[in-house]
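Trainee: Next up is a structure, given as structure tokens.
Only the coordinates and a few stated rules stand behind these numbers; no lab work does. Given the structure is predicted, the values throughout are model-derived calculations rather than measurements. Positions of Cβ are backbone-derived with ideal geometry, glycine not excepted, and every protein chain shown enters the neighbour counts.
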Amino acid sequence: MTATLFARLQADVDLKIRRGAWYRVLDLSDLEAVIEVNKRPMTVLRAMLEIQQRPPLRWTVVPHPKQSRRPNLGVEYGVCPSCRTRAPLPKKARELQCPRCKQEYEVNWGEEYLKRM
């Protein structure tokens, strides 16, 4: 693999990775991908991932999982494209500044992340 690739979870499954966050792909086979999570390799079935050459620079809008430990994030929350921080989303905000990295990005309300399942 020569080009740098990025992947994010595209299946509604409980894994130790953040929904909507993009991770660098370390290795890719027909069935599995090895992604970098917290500076460690993690093997995930390739079918569970969306893989792209570069992650979009917009907030991903994520439906709040039913079994979540973070009820204060609301019905939907955003994932920062830069640092992966989760944040509550004001209703139909066009842009949002990340509380952690302080970068401001457009909110991708048109994306149907995990709703297509």
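Trainee: Below 8 Å, C-alpha to C-alpha, sequence gap of six or more: please give me the relative contact order for segment 58-108 in percent. Before the final figure, lay out the partial values.
Mentor: Numbers: 88 pairs, mean separation 18.6, N = 51.
Relative contact order, segment 58-108: 37 percent.
Trainee: Looking at segment 25-117, which trypsin sites (Lys or Arg not before Pro) are DSSP coil and have at most 11 other C-beta atoms within 10 Å of their C-beta? Let's see the in-between values first.
Mentor: Details: sites: 39, 46, 58, 66, 69, 84, 86, 91, 92, 94, 100, 102, 115, 116; in loops: 39, 66, 69, 84, 91, 92, 94, 100, 102, 115, 116.
In loop regions of segment 25-117 (DSSP not H, G, I, E or B), the sparsely surrounded trypsin sites (Lys or Arg not before Pro) are 39, 66, 69, 91, 92, 94, 102, 115, 116.
Trainee: Separate question: Could you list which residues have their amide H under 5 Å from that of residue 76, counting only those 5 or more apart in sequence or on another chain, with H placed in the peptide plane?
Mentor: Amide H neighbours of residue 76, under 5 Å, 5+ apart: 64.
Trainee: Once both labels are modelled 7 Å past Cα along the beta-carbon direction, what's the residue 101-residue 42 spacing in nm?
Mentor: Rounded to a tenth, the inter-label distance reads 1.7 nm.
Trainee: Sequence-distant or interchain residues sharing an amide H contact under 5 Å with residue 26, placed H: which?
Mentor: Here 34, 35, 36 satisfy the definition.
Trainee: Here's something else I'd like to know. At R0 = 22 Å, how high is the FRET efficiency between residue 94 and residue 24 if r is their beta carbon distance? Nearest 0.05 is fine. Before the final figure, lay out the partial values.
Mentor: Details: r = 28 Å, r/R0 = 1.29.
After rounding to 0.05, the efficiency reads 0.20.
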